[in-house]
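A.B. asks: One structure is given below, represented as structure tokens, and several questions about it will come after.
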Amino acid sequence: MGDDGQSRGISCAVYPGSFDPITFGHVNIVKRALKIFDRIIVAVAINTSKHGTFTIEERVDMMEDVFRGDANVEVASFSGLLVDYVRTVGARAILRGIRTVTDFDYEFQMALANKSLDPDVEQVFMMTEGKYLYHSSSIIKEIVSLGGAVHEMLPPIVEKRLSEKLRGRGTGS
Ligand code: ADP
């Protein structure tokens with residue numbers, strides 16, 4: 001192993017995304033990635049051209065709640081180029097999850113773009129665990145708005161806030 005200063009010390013990855021809202025599929029990626037990295041920064045990307053269901057502050061707030069017990073997980077938000085943010089926080093990798101071939105297509109293109117922007121930032125992709133395959137924030141929002149149960153897909157606090165947001169009330173649990 002070369003002594004490049006990064007091969008020692010804390011290894012940190014940035015897990016960027018919309019997280020609108022965070023699901024158990026996202027949480028699963030973070031928990032598994034903690035077996036590889038010492039620290040994960042889960043970072044909400046601020047996209048001014050995309051209006052989400054939750055504000056950036058609401059998403060960060062829910063994520064802080066979800067990861068409260070995990071000392072090695074930090075929640076943040078960022079704007080601008082992801083590779084710049086990764087450098088700013090002193091991370092060495094970008095973490096992303098993959099569910100389907102469609103995800104792969106998109107992630108592959110983004111990975112090549114990021115690599116051309118900053119060849120020093122590595123990108124790590126983790127395959128979803130089977131039960132999270134069809135868990136996407138947009139499908140879950142659709143289910144909630146139609147009155148379906150999503151206990152197995154969302155942390156309780158997120159389920160409550162989403163239900164309030166989309167149906168104007170809590171789940172009663
Ligand atoms: P995006 O960043 O593309 O807006 P999300 O915020 O929903 O998408 O997700 C952030 C990252 O987590 C992406 O890499 C996405 O593929 C991944 N991801 C989302 N849901 C799951 C899941 N159920 N299993 C594995 N990875 C997931």
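A.B. asks: Provide the convex hull volume over Cα atoms per residue for the chain, in Å³.
C.D. replies: Output value, Cα hull per residue: 127 Å³.
A.B. asks: Work out the FRET efficiency for ILE143 and MET110 from their Cβ-Cβ distance, taking R0 = 25 Å, and round it to the nearest 0.05.
C.D. replies: On the way: r = 27 Å, r/R0 = 1.08.
Approximately 0.40, to the nearest 0.05.
A.B. asks: So, one more: Between GLY168, LEU133, GLY90, whose Cα lies farthest towards the positive end of the dipole of segment 64-173 when Lys and Arg beta carbons carry +1 and Asp and Glu beta carbons carry -1, centred on the Cα centre?
C.D. replies: GLY168
A.B. asks: Considering amide H positions built from the backbone, and no H for Pro or chain starts, which residues 5 or more places from TYR15, or on another chain, come under 5 Å of its amide H?
C.D. replies: ILE41, VAL42, ALA43, LEU95
A.B. asks: Give me the percent of accessible area attributable to carbon and sulfur for segment 12-133, probe 1.4 angstrom.
C.D. replies: 53 percent
A.B. asks: Moving on to the next point. For the chain, what proportion of DSSP beta bridges, expressed in % and rounded to the nearest 5, is antiparallel? It would help to have the intermediate numbers written out before the result.
C.D. replies: Details: 0 of 20 bridges.
Counting only bridges with both partners in the chain, antiparallel ones make up about 0 percent.
A.B. asks: Could you give the dipole magnitude of the chain about its Cα centre, charging the beta-carbon of Lys and Arg +1 and that of Asp and Glu -1, in debye to the nearest 20?
C.D. replies: Working: 20 positive and 23 negative charges, 86 e Å.
The calculation lands at about 420 debye.
A.B. asks: Short version: ³J(HN,Hα) in whole Hz for each residue of segment 32-38, in order, from phi by Karplus 6.51 cos²θ - 1.76 cosθ + 1.60 (θ = phi - 60°), x for Gly and Pro, what are they?
C.D. replies: In residue order, the calculated couplings are 6, 5, 5, 7, 9, 10, 6 Hz.
A.B. asks: Additional query: Grab the other residues whose beta carbon is less than 14 angstrom from that of ALA113, score K and R as +1, D and E as -1, and report the net.
C.D. replies: Here the charged neighbours net out to -2.
A.B. asks: Note down the net charge around ILE56, summing +1 for each Lys or Arg and -1 for each Asp or Glu among other residues with Cβ under 12 Å from its Cβ.
C.D. replies: Around ILE56, the surrounding residues sum to -2.
A.B. asks: Now a separate question. Excluding ligands, DNA and RNA, what is the solvent-accessible area per residue of the chain at a probe of 1.4 Å, expressed in Å²?
C.D. replies: Accessible area per residue: 56 Å².
A.B. asks: Still on this structure, I have one more. Tell me, what is the 1.4 Å probe accessible area of HIS151, in Å² to the nearest 10?
C.D. replies: Rounded to the nearest 10, that gives 110 Å².
The values are calculated or read from the model by the stated rules, or taken from the named source; none is laboratory data. Computed from a prediction, not measured in an experiment: that's the story for all the values here. Note: ideal-geometry Cβ built from the backbone for every residue, glycine included; neighbour counts use all protein chains shown. Areas reflect the complete protein model, heavy atoms only, side chains present, ligands, DNA and RNA absent. Shrake-Rupley method; radii C 1.70, N 1.55, O 1.52, S 1.80 Å.
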